[in-house]
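The values are calculated or read from the model by the stated rules, or taken from the named source; none is laboratory data. Everything numeric in this text was worked out from a predicted model, so none of it was measured. As a convention, Cβ positions derive from the backbone with ideal geometry for all residues, glycine included, and neighbour counts pool all protein chains shown. These area figures cover heavy atoms from the full protein model, side chains too; ligands, DNA and RNA do not enter into them. Shrake-Rupley method; radii C 1.70, N 1.55, O 1.52, S 1.80 Å.
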Amino acid sequence: LSLDKLKEALAVFQKEQVDALVCLGDWISIWDTREVMAQRLRELAQLLHQTGLPVYTCMGNHDAETFFREEFAALTGFTLAPCILEDAESRVILLDANYLRDGFPWPPHFEDWTQTALPQEELLWLKEQLQTPKRCLVALHQNLDPGISPEHVLENAADVRRVIAEAGNVRLVLQGHYHFGHEAVLDGIPYHTLTAMCEGEENAFRVYTL
């Protein structure tokens, strides 16, 4: 189901001549062996690389449950958060929140997706990346929006929202994780939680101009 939706989305992206592809994570879910899931990732990556467009992604909790960061990067060839993509006027900042509340990365096969936080070092990095006259977009897998059920929200979400609000140049925050989607405006900034492709018959993708 998701693979067919992805093919439909890629056709639209190419028609719209987008500059880059951004995924908010959870490319896979744990339902088979690591070998099978690795093959699924390769198939997805091959499909996206056929577009010739750069692919940037946050690793979702399901991705991190199965693969180390280095493994995931090697299997896909995607650029992984934390990272930025930018042009002369805009900057997109991708965050990685697959961390425990004490700031340490999730251990191998960690399944408690409700325990998630942005480590202090990455929060400072975000603040540095926002020190620019460019229009900014911030993206992450987990949620900063307090209007979403709390188990999906970063434990230090208020600190991250404060850094985003104080920057004064963030035009949009994109989130995944909460499959049913949600939209809010916080501190004058739109927060969009995209619906998961694995939910329902309708497709779920967007083209943004920053």
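Given A45, A38, A73, A64, which one is open to solvent by 30 Å² or more (accessible area, probe 1.4 Å), among the small types (G, A, S) and part of a helix (DSSP H, G or I)?
Only one candidate passes the filter, namely A73.
Please work out which residue is nearest to G181 (Cα to Cα), limiting yourself to region 133-153 and to residues that are within 15 Å of the chain's Cα centre (by Cα) and open to solvent by 10 Å² or more (accessible area, probe 1.4 Å).
H152
Of the residues that sit in region 1-21 and are in contact (Cβ under 8 Å) with a residue 60 or more places away in the chain and not in a helix (DSSP H, G or I), which one is most open to solvent (accessible area, probe 1.4 Å)?
Taking region 1-21 as the starting set, the residues that turn out to be in contact (Cβ under 8 Å) with a residue 60 or more places away in the chain are 1-2, 5-6, 8-9, 12-13, 16, 18-20.
Still in the running and not in a helix (DSSP H, G or I): 1, 18-20.
Values: L1: 106, V18: 31, D19: 132, A20: 28 Å².
Per the criteria, the residue is D19.
Residue by residue, here is whether (1) over 26 Å from Q17 (Cβ atoms); (2) over 15 Å from the mean Cα position of the chain (by Cα) holds:
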residue	(1), (2)
R171	no, yes
Q175	no, no
F180	yes, yes
A184	yes, yes
D187	yes, yes
M197	no, no
G200	yes, yes
R206	no, no
L210	no, yes
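Can you tell me which of (1) without any contact (Cβ under 8 Å) to a residue 60 or more places away in the chain; (2) of a type in the set (D, E); (3) in contact with an Asp or Glu (Cβ under 8 Å, 6 or more places away or on another chain); (4) farther than 25 Å from E202 by Cβ is the one D87 doesn't meet?
(1)
Here is a list: L24, L80, L85. Which entry is open to solvent by less than 40 Å² (accessible area, probe 1.4 Å), touching a His at 6+ places or on another chain (Cβ under 7 Å) and within 24 Å of I164 (Cα to Cα)? Talk me through it step by step, then tell me what you get.
Values: L80 fails: touching a His at 6+ places or on another chain (Cβ under 7 Å); L85 fails: touching a His at 6+ places or on another chain (Cβ under 7 Å).
So the residue among L24, L80, L85 that is open to solvent by less than 40 Å² (accessible area, probe 1.4 Å), touching a His at 6+ places or on another chain (Cβ under 7 Å) and within 24 Å of I164 (Cα to Cα) is L24.
Only residues that are open to solvent by 20 Å² or more (accessible area, probe 1.4 Å), in contact with a Lys or Arg (Cβ under 9 Å, 6 or more places away or on another chain) and among the β-branched types (V, I, T): list them for region 88-132, please.
Residue satisfying the conditions is T132 alone.
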